[in-house]
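Written below as structure tokens is the structure these notes are about.
Just so it is clear, none of the values below were taken in a lab; they were calculated from the coordinates. Predicted, not measured: the structure shown is a model, and the values here were computed from it. Quick reminder, even Gly has a Cβ in these numbers, built from the backbone with ideal geometry, and neighbours come from all protein chains shown.
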Amino acid sequence: MIEEGTRKRALVTGASAGIGESFTRLLAREGYDLVLVARDLDRLKERRDALLSTHPTISIELLSADLSTEEGIAAVEDVVRSGVSVLINNAGFGINKSFTRSHIDHEKDLLSVLVTAPLRLTHAALSASGNQDASAGERDLKIINVSSVASWIAGGTYSAAKSYLTVLSESLHTELAGSSVKVMALCPGFTRTEFHQRGRMKMSGLPKFLWMSADEVTTIAWRDLHAGKPISVPGWHYKIISVIARAAPRPLVRKVGMNLRAKQR
């Protein structure tokens, strides 16, 4: 727990549900003041009220922003530039149609939310003077980019976008090694959130043992971040799957990825 008077600020995108919502509770327990970002302001207010009921001493700011738009990204950038100690790039969605069948506007929106927004917010966090810790003389900054085990398969634009996020996080982790800045890609597998329901994906045939809770994912991620890991893959089964996906012949990986996509439609 951070001592009173030294508490710092954490910003979470996609904070109203799922992994983002779980991170808000974890960060509140850690004593961070919060900036909650999502499109639905009413749900953000519900999230704020729930957090304050158990953590009445923290400060919570709400920002309704659509990260598929320039205006939405710019609004969050402004907050990040003012200084944050933790940035959780979590907002995202999926498309249950193949690239050849989906509408180009949906594909562009996906890239804005999954690639452009975390790219710009991460850059803003790293360059912001507000992230300078005056007492230590250097930045005190932690960034978690929520990617996916899908970043290692061939599963359409979603996989491609998550692959970008994983590689960018690895690169920054290496570039900033030895500093007090920590950057990590979180690569969960199937997690019980609203993600698949909102994307109208059929998941009923998936074995129960493959599902993890959002709280399991965020607890492991927070521990791995402090351990200095460049990538966090929660769950022993997903650790095995990720190793196989990275080492297997690409024709096989492509076939499995496309078959999985087909079953979700």
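Rank-order 107-119, 150-162 by packing density, defined as the average count of other C-beta atoms within 10 Å over each peptide's residues, highest first.
Per-residue Cβ counts within 10 Å, averaged per peptide and sorted highest first, yield 150-162, 107-119.
Near the amide H of Thr191, under 5 Å away, which other amide H atoms are found, from residues 5 or more places off or on another chain, if H is placed in the peptide plane?
HN-HN under 5 Å from Thr191: Met212.
For region 148-190 and region 37-67, compute the distance between their C-alpha centroids and round to whole Å.
The two parts, judged by their Cα centres, are 27 Å apart.
If we count every other residue with Cβ under 15 angstrom of Asp105's Cβ, Lys/Arg +1 and Asp/Glu -1, where does the sum land?
So the environment of Asp105 carries a net charge of -1.
Of the peptides 20-33, 54-67, how do they stack up when ordered by the mean number of other Cβ atoms within 10 Å, highest first?
20-33, 54-67
What is the packing order of peptides 182-188, 90-96, 227-233, taking the mean over residues of other C-beta atoms within 10 Å and listing the highest first?
The most tightly packed comes first, giving 182-188, 90-96, 227-233.
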